[in-house]
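Below is one structure, written out as structure tokens, with a few remarks after it.
The values are calculated or read from the model by the stated rules, or taken from the named source; none is laboratory data. The model shown is predicted, which means the values in this text are computed figures rather than measured ones. Glycine also receives a Cβ, built like all others from the backbone with ideal geometry; neighbour counts cover every protein chain displayed. The area values use the complete protein model at the heavy-atom level, side chains included, leaving out ligands, DNA and RNA. Shrake-Rupley method; radii C 1.70, N 1.55, O 1.52, S 1.80 Å.
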Amino acid sequence: MLVKTFSAAVVGLEATTITIEVNMTPGSQFHMTGLADTAVRESYERIWAVLPNCGYHMTVSNLTINLSPADIKKEGTAFDLPMAIGLLAAFSNIGAEHLHDYMMVGELGLDGRIKPVRAVLPIAIRARKEKFKGLIVPKENVREAAVVNNLEVYGMDHISDVINFLNGSEQFEPLVVDTRKEFYDRQYSFDLDFADVRGQESVKRALEVAAAGGHNLIMIGPPGSGKSMLAKRLPSILPPLSLAESLETTQIHSVAGKLGSNMSLIFQRPFRSPHHTVSQVAMTGGTSKAMPGEVSLAHNGVLFLDELPEFNKATLEVLRQPLEDRKITISRANFTVEYPSSFMFIASMNPCPCGYYGDPNHNCVCTPGQIQRYLSKISGPLLDRIDIHCEVQAVPFAQLSQMQPGDPSAAIRERVIRARNIQTERFSHPQGGRREGAIHCNAQMTERMIHQYAEPDEASLDLLRMAMERLKLSARAYNRILKVARTIADLEGSEKVQSQHIAEAVGYRNLDRGDWAERGV
């Protein structure tokens, strides 16, 4: 007897429908075909132990299980449930007439419990695309899958629930999630707020400019000056995720197995802060299963690297390509996977190994050679991709205890959203009549677009020329200054880039100054 059930295999963000064919003939042998890994092959042993524990007994037979298409590698434990259901149908414990209506995934415990698996959201999207009537998933994954509309999603606790459902002996209701209501109700709740930060007005201004234009930013200052505290509050002033961005971000976290139990969507922009011991593979993604790394988990959000020079230099250099292309390609011997990685890169660093170079309140104990070696850990090509360099000074206690709270995150966020709306309108309806489809903020502008939208007037150009000569700014700073100036103009609602915008943008290029290392922070 031949029985078919349906599941899915996920490579990257794409799910492929897998047909599980179970064939039973007289005999006593077992065969599994279809490029299954060890975890999938072990499914048979788990199933053979589970079914008797649930009151079902299988006679000794020749069993062949084929996972089709056979040229796609099958990994993980998500095939336990559809394989068990196929075996039960082959032994006539389940009617096979409804099996073609449902795709199913789930790992089985030896007591018959259905355990959660990863990558359920891409599987649900594939099930809808293939026009399956419904999807059967573990109870813990049901909200994740239910965000896909026009698909009946059933969350099951035990294999007996699935058996009763398919036999029609028990009724179950699919979960319906009001995706839009949940999404918009939970976008504006943050634990951290800029109102908690006393002082540091210039740094908060730099972060506001970075958020408004999507610019990368690095903060340089002594220990305890508030660099990490400020960076962690950045998501609270970023524009809210769109529903499309949320679905895309949730897919990545679903594939990585990073979604919490009973979680549906990621409602806020992700903030990833890996430790400086992170490996290249953990940063970019990979391993034998092509899992997404930190640069993809930060997609549509923020990647924050604290104490930047402490990171392995080779690990930092792999950031150059995703920062430029906003995607990461992982190539292995038998597959190539591409993940999106469009994120704001925020970094912090001390000015020297001891941290107090240029600090008026502490004596630096580092030699000039140590300082140069410390700063040289950050390469020119990586620094070239950072638009804003911001110096952070510790706030004295006398001022700290007297200062009033600054603008709350909600007020800053409103200004950021207004600036982003200007940019959205600009790139949707450009002057030349050509839509810039892949450009969403000023940081993404090409050189041609910089000349089109951020060209300074004669007075501003003279100011920029003088600043580059006097401050010994490098040539690579030119385009970065114009991009940031365009964002500052957008925050003010100015159509043209003016001299005051250029002057502020020049102030954000400290590490490009030829005398920076000599003068101290």
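For the stretch 445-479, trypsin sites (Lys or Arg not before Pro) meeting the loop criterion (DSSP other than H, G, I, E, B) and having at most 16 other Cβ atoms within 10 Å: Lys472, Arg476.
Compute the Cα gyration tensor for the chain, then decide on rounded, prolate or oblate, letting a ≥ b ≥ c be the square roots of its eigenvalues: rounded whenever a/c is under 1.5, prolate when a/b is larger than b/c in the other cases, and oblate in all that remain. It would help to have the intermediate numbers written out before the result.
Details: a/c = 2.56, a/b = 2.28, b/c = 1.12.
Cα axes put the chain in the prolate bin.
Counting only DSSP beta bridges with both residues in the chain, the antiparallel share comes to about 50 percent.
Nothing charged except the Cβ atoms of Lys and Arg (+1) and of Asp and Glu (-1): what's the magnitude of the dipole of the chain about its Cα centre? Round to the nearest 20 debye.
Working: 55 positive and 59 negative charges, 153 e Å.
Charge dipole of the chain: 740 debye, to the nearest 20.
Taking a ≥ b ≥ c as the square roots of the Cα gyration tensor eigenvalues, the stretch 168-309 comes out oblate, since a/c reaches at least 1.5 and a/b does not exceed b/c.
Percent of accessible area on the chain owned by carbon and sulfur, 1.4 Å probe?
49 percent
Put the Cα centre of the stretch 446-477 next to the Cα centre of the stretch 137-211 and the gap is 45 Å. Cys54 sits with roughly 30 Å² accessible to a 1.4 Å probe, with DNA, RNA and ligands left out of the calculation. Within the chain, the longest run free of exposed loop sites, counting GluC sites (Glu not before Pro) that sit outside DSSP helix and strand states (H, G, I, E, B) and have at most 14 other Cβ atoms within 10 Å, spans 171-494. Computed 3J(HN,Hα) for the stretch 366-372, one whole-Hz value per residue from the Karplus formula 6.51 cos²θ - 1.76 cosθ + 1.60 where θ = phi - 60°, is 8, 7, x, x, 5, 5, 5, glycine and proline marked x.
When the charge dipole of the chain is built from unit charges on Cβ atoms (+1 for Lys and Arg, -1 for Asp and Glu) and taken about the Cα centre, the candidate among Tyr154, Val60, Ile252 whose Cα reaches farthest toward its positive end is Ile252. If you take all other residues with their beta carbon under 9 Å from the beta carbon of Ile412, and give Lys and Arg +1 and Asp and Glu -1, the sum is 0.
Ordering Thr16, Thr487, Thr367, Thr38 by how much accessible area each has at a 1.4 Å probe, largest first, what is the list?
These residues rank, largest area first, as Thr38, Thr367, Thr16, Thr487.
Counted residue by residue at 0.36 nm each, then reduced by the alpha carbon distance between them, the extension gain from His100 to Gln29 reaches 22.9 nm. Once all protein chains are placed together, Lys129 keeps about 140 Å² accessible to a 1.4 angstrom probe.
Note that the chain presents 43 Å² accessible area per residue, ligands and nucleic acids not counted, probe 1.4 Å. Asp384 contributes an accessible area of around 40 Å² to the protein surface, as traced by a 1.4 Å probe with all chains present. With contributions of -39500 (n - 2.57) from each DSSP H run of at least four residues, the per-residue ellipticity at 222 nm computed over the chain stands at -10000 deg cm²/dmol.
Between amide H atoms placed 1.01 Å from N, distances below 5 Å from Gly286 occur with Met291, Gly293, all of them 5 or more places distant or on a separate chain. Hey, which of these cross-link pairs are over 29 Å Cα-Cα: Lys139/Lys232; Lys4/Lys327; Lys74/Lys115; Lys327/Lys496? Result: Lys139/Lys232; Lys4/Lys327; Lys327/Lys496 exceed 29 Å.
Quick check: residue separation of Val176 and Ala244 times 0.36 nm, minus the Cα distance between them. What number comes out in nm?
Values: separation 68, 0.36 × 68 = 24.48 nm, distance 1.91 nm.
Extra length available between Val176 and Ala244 comes to 22.6 nm.
Overall shape: prolate for the stretch 159-201, with the ratio a/c of the largest to smallest alpha carbon gyration tensor axis at 1.5 or above and a/b above b/c.
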